[in-house]
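The structure appears below as structure tokens.
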Amino acid sequence: MIIFGHRGARFEAPENTVAGFAYAKRIGLRAVEFDVRMTSDDQLVVIHDATVDRTTDGTGPVAEQSLARLRELDARAVFPDWADPCGVPTLDEVLAEVGDLEQLEIEIKKDKAGRSEQIVQTVLDTLENHQVDAEVTITSFHVDSLRLVQRLAPEQQRGYVGEWDSDAFLDIARWLGASRAGMPHETGSAERARAAHELGLSVIGWPCNVAAEVELFRSWDADAVCSDCPSSIVELVAVG
């Protein structure tokens, strides 16, 4: 199984920051996952939450703040003892750091109404401009975003993330032409993983942070796992 560092390695380093991705590379990861949102002035930044409150020293929605304002924030709030300040990075900055990895998952988060197509197109344009070496899969919980990727760049790999607790997810993944299923251990199952494989989807299990979760996803024959604390499971995954 491949280990994806979730938001870099969010339990071990400031999440969704250039420093966090550099840390993920230092511990030997060859694949990472991260999230993309758009600022008030139409710039793509890498941050998970709809607001900056949890991960930075600022407050307020990402979509209502300019890139210049976000650049003033320190994104190591969850890691106050981290040695150096960490800014909220742009997608360009993150791709410059991780584009030489083997695999990337870029999750498009839900935005305010009316900007989805702009966000998807800008992600696609940014990827084309960078010409990264990594194999890139664009993922989302939101069908509309993945449908836009399918229409605008049908050759781009797409991953459908969700509960995967019913056959409806299989039907939607087939309709989307998805190549990957992001399947959580709490609501997914070996049966759904098997059905996803039969559709030709790879299966990425998440979160995978302890030995029991490694063994569960191994029993599902998962192709990869997404971990918040990858250094704690790397040897367990290697043993299998």
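The values are calculated or read from the model by the stated rules, or taken from the named source; none is laboratory data. Here the structure is a predicted model, which is why all the values come from computation and not from measurement. Neighbour counts run over all protein chains shown; Cβ positions are idealised from the backbone, glycine included.
Looking at the range 130-157, which of the residues that are touching a Phe, Trp or Tyr at 6+ places or on another chain (Cβ under 9 Å) and among the hydrophobic types (A, V, I, L, M, F, W, C) is nearest to MET183 (Cα to Cα)?
Among those that are touching a Phe, Trp or Tyr at 6+ places or on another chain (Cβ under 9 Å) and among the hydrophobic types (A, V, I, L, M, F, W, C), it is PHE141.
Of all residues in the range 23-49, which are closer than 30 Å to CYS208 by Cβ, touching a residue at least 60 places away in the same chain (Cβ under 8 Å) and in contact with a helix residue (DSSP H, G or I) (Cβ under 8 Å, 6 or more places away or on another chain)?
Listed by number, the residues that qualify are ALA24, LYS25, ILE27, GLY28, LEU29, VAL32, PHE34, VAL36, ARG37, MET38, LEU44.
Return the residues of the range 201-237 that are assigned to a strand (DSSP E or B), of a type in the set (Gly, Ala, Ser) and either more than 17 Å from the chain's Cα centre (by Cα) or within 16 Å of ARG10 (Cβ to Cβ) (or both); say none if nothing qualifies.
Within the range 201-237, just SER227 meets the criteria.
Where the second residue is aliphatic (A, V, I, L, M) and in a loop (DSSP other than H, G, I, E, B) and the first is over 9 Å from VAL225 (Cβ atoms) and lies in the range 1-13, which pairs have Cβ atoms under 6 Å and are six or more apart or on separate chains?
GLY5/LEU29
For the range 129-140, state whether one or more residues are among the charged types (D, E, K, R) and either within 15 Å of GLU105 (Cα to Cα) or crowded, with 18+ Cβ neighbours inside 10 Å (or both).
Yes, that holds for at least one residue.
Can you confirm whether ALA168 is assigned to a helix (DSSP H, G or I), out of contact with any helix residue (DSSP H, G or I) (no Cβ under 6 Å at 6 or more places or on another chain), within 18 Å of SER145 (Cα to Cα) and modelled with pLDDT of 95 or more?
yes
Would you check if VAL214 is buried (at least 16 other Cβ atoms within 10 Å of the Cβ) and at pLDDT below 95?
Judged against the criteria, VAL214 is not a match.
Tell me which residues, restricted to the range 174-191, are under 25 Å from PRO154 (Cα atoms) and assigned to a helix (DSSP H, G or I).
ARG174, TRP175, LEU176 - these are the residues of the range 174-191 that are under 25 Å from PRO154 (Cα atoms) and assigned to a helix (DSSP H, G or I).
I need the full set of residues from the range 119-137 which are in contact with a strand residue (DSSP E or B) (Cβ under 7 Å, 6 or more places away or on another chain), part of a helix (DSSP H, G or I) and farther than 18 Å from ARG7 by Cβ, in order please.
ILE119, VAL120, THR122, THR126, LEU127
Report yes if some residue within the range 179-194 is in contact with a helix residue (DSSP H, G or I) (Cβ under 6 Å, 6 or more places away or on another chain) and of a type in the set (Ser, Thr, Tyr); otherwise report no.
Looking through the range 179-194, none of the residues is in contact with a helix residue (DSSP H, G or I) (Cβ under 6 Å, 6 or more places away or on another chain) and of a type in the set (Ser, Thr, Tyr).
Are there any pairs with C-beta distances below 6 angstrom linking a residue in the range 211-240 that is under 17 Å from GLY5 (Cα atoms) and touching a residue at least 12 places away in the same chain (Cβ under 8 Å) to a residue that is buried (at least 22 other Cβ atoms within 10 Å of the Cβ) and among the polar types (S, T, N, Q), with the two at least 6 apart or on different chains, and if so which?
The qualifying pairs are ILE233/SER227.
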